[in-house]
1. Taking into account only those residues within segment 1-60 that are acidic (D, E) and assigned to a helix (DSSP H, G or I), which is nearest to I125 (Cα to Cα)?
2. Return the pair list, or none, for Cβ contacts closer than 7 Å from residues in segment 75-102 that are crowded, with 16+ Cβ neighbours inside 10 Å and modelled with pLDDT of 90 or more to residues that are in a strand (DSSP E or B) and acidic (D, E), at least 6 apart or on different chains.
3. Just need a number here: residues in segment 6-17 that are more than 16 Å from the chain's Cα centre (by Cα) and closer than 17 Å to S65 by Cβ.
4. Of the conditions (1) in contact with a helix residue (DSSP H, G or I) (Cβ under 7 Å, 6 or more places away or on another chain); (2) modelled with pLDDT under 95; (3) closer than 19 Å to A128 by Cβ; (4) not hydroxyl-bearing (S, T, Y), P60 fails just one. Which one is it?
5. Could you go through segment 32-46 and let me know if any residue there is within 15 Å of the chain's Cα centre (by Cα), more than 14 Å from A128 (Cβ to Cβ) and exposed (fewer than 13 other Cβ atoms within 10 Å of the Cβ).
Amino acid sequence: MTIKDSNLAYEIEDIHLSPKGNFYFFNNFVVSEIHEGVHYTWEDAQDVIEAYVKHYGKVPITYVSNRINEYSVRPQDWSKFVKSGYKLHAYVVVSYNKRSWLNALLEKAFLNTTVERFTDLTEAIEWAKVNSNHNLKIAK
């Protein structure tokens, strides 16, 4: 299920559309939906990171990867994210097939944070609401 098809769409605070995917900013977490067939890299993430910092400030965030499409990520790029001073509060993967979850397990090796798996977007969002940092926005 996509965010737009869910009953959570009304909670979206901002949307960042990029050539590689769509990123939905909620009160205290981000949901990504990467496009079919994309190979997503650190370089691709730069415009999203810029939008994230503009929206939230440079604070730890819960990132929900809604894997509605088949795509690949360069897992070692997560270490570049961390080395650049950014932090994840939690990494939540909504996987609809085994391959998607196996890819996320590989990414997990490059992360030093909580990684949660769901097969239902609504359940993942509920988890993010309860377990994310609250009141993330800071005065800019």
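The values are calculated or read from the model by the stated rules, or taken from the named source; none is laboratory data. None of the values given here were measured: they were computed from a predicted structure. As a convention, Cβ positions derive from the backbone with ideal geometry for all residues, glycine included, and neighbour counts pool all protein chains shown.
1. E11
2. Listed by first residue and then by second, the contacts come to A90/E116; V92/E116.
3. 1
4. Going through (1) in contact with a helix residue (DSSP H, G or I) (Cβ under 7 Å, 6 or more places away or on another chain); (2) modelled with pLDDT under 95; (3) closer than 19 Å to A128 by Cβ; (4) not hydroxyl-bearing (S, T, Y) one by one, P60 breaks only (1).
5. yes
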